[in-house]
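Okay, structure first, notes after.
The values are calculated or read from the model by the stated rules, or taken from the named source; none is laboratory data. From a predicted model like this one, the values you see are computed outputs, not experimental measurements. Here the Cβ is made from the backbone with ideal geometry for all residues, glycine too, and neighbour counts use every protein chain on show.
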């Protein structure tokens, strides 16, 4: 584990209504602790039509943000790394369950919002690890000098079709069912988010986004912007501009965490970083507990 004083986090995000919609149904939240190497980004993309989608995503981001900000308590910081990992996963699951309950309760109180729900994706950095969780098709990516990796796998009908070989990646981007998601907040009492933790062993950008961005930009185009535009946090503006210039049919949200290891370690000679393995494609090393 890297010493906390060697880690710096810079976090920012933007959301935009796009060129077509009358309301922004996306919400975004982010936080960076003033003294600890802890921070996060959370993005929610609401569904359910006018007003409902916006309210669902707002409820989700508000609840998850409140829960996650309380993570680095005195009890948490005094635990072992293995215990902290278990607590992190438990806290994220509790936050998502609370957000799910908030949306379900709002639907009971407001029958006109009966169809609302929300995707969600979040990334939480603590020390030299990032924990990513999601429901739906909002995504998280990791970029460093080895390249770009998509950390999430869409919970969607088109992803299932890609997995079973009935649809290609390029076909999926124009499919009529590309917006049909299979998991979300506020739909059922029980939720099943995907949650994984990854090691951070070098300077890294973590990028989260709603599908208003990935509808227009493929893997290579995302990687080009992340690898060539500085300061890195300005990538948020560039991504939104690119999506709007391409049509902006949906709301667009982008959040970036810039993870930097300071000179004491970063200047030491390094072999190929352990975070990546030599395989057919670049992959990241998951942390197990």
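For residue 210, state whether it is surrounded by fewer than 16 Cβ atoms within 10 Å (Cβ to Cβ), touching a residue at least 40 places away in the same chain (Cβ under 8 Å) and within 17 Å of the chain's Cα centre (by Cα). No, not satisfied.
If you go through region 234-265 and pick out every residue that is touching a helix residue (DSSP H, G or I) at 6+ places or on another chain (Cβ under 8 Å) and over 30 Å from residue 127 (Cα atoms), you end up with 6. Counting only strands (runs of 3 or more DSSP E) that sit completely within region 113-207, those holding 1 or more residues that are closer than 23 Å to residue 91 by Cα, at pLDDT 95 or above and under 19 Å from the mean Cα position of the chain (by Cα) correspond to 117-126, 129-135, 139-144, 194-199. Screening the candidates 163, 154, 189 for the property of being without any contact (Cβ under 8 Å) to a residue 60 or more places away in the chain and either over 30 Å from residue 260 (Cβ atoms) or touching a helix residue (DSSP H, G or I) at 6+ places or on another chain (Cβ under 7 Å) (or both) yields one hit, 163. The criterion of at least 1 residues that are surrounded by 22 or more Cβ atoms within 10 Å (Cβ to Cβ) is met by the following helices (runs of 4 or more DSSP H) wholly inside region 1-112: 52-69, 81-109. Of all residues in region 240-281, those satisfying the criterion of being more than 19 Å from the chain's Cα centre (by Cα), modelled with pLDDT of 50 or more and surrounded by 15 or more Cβ atoms within 10 Å (Cβ to Cβ) are 242, 244, 248, 249, 261.
Beta carbons closer than 7 Å, at least 6 apart along the sequence or on distinct chains, pair a first residue in region 214-242 that is touching a residue at least 40 places away in the same chain (Cβ under 8 Å) with a second that is part of a helix (DSSP H, G or I) and surrounded by 20 or more Cβ atoms within 10 Å (Cβ to Cβ) for 226/235. A single member of 194, 166 is surrounded by fewer than 16 Cβ atoms within 10 Å (Cβ to Cβ) and under 18 Å from residue 134 (Cα atoms), and it is 194.
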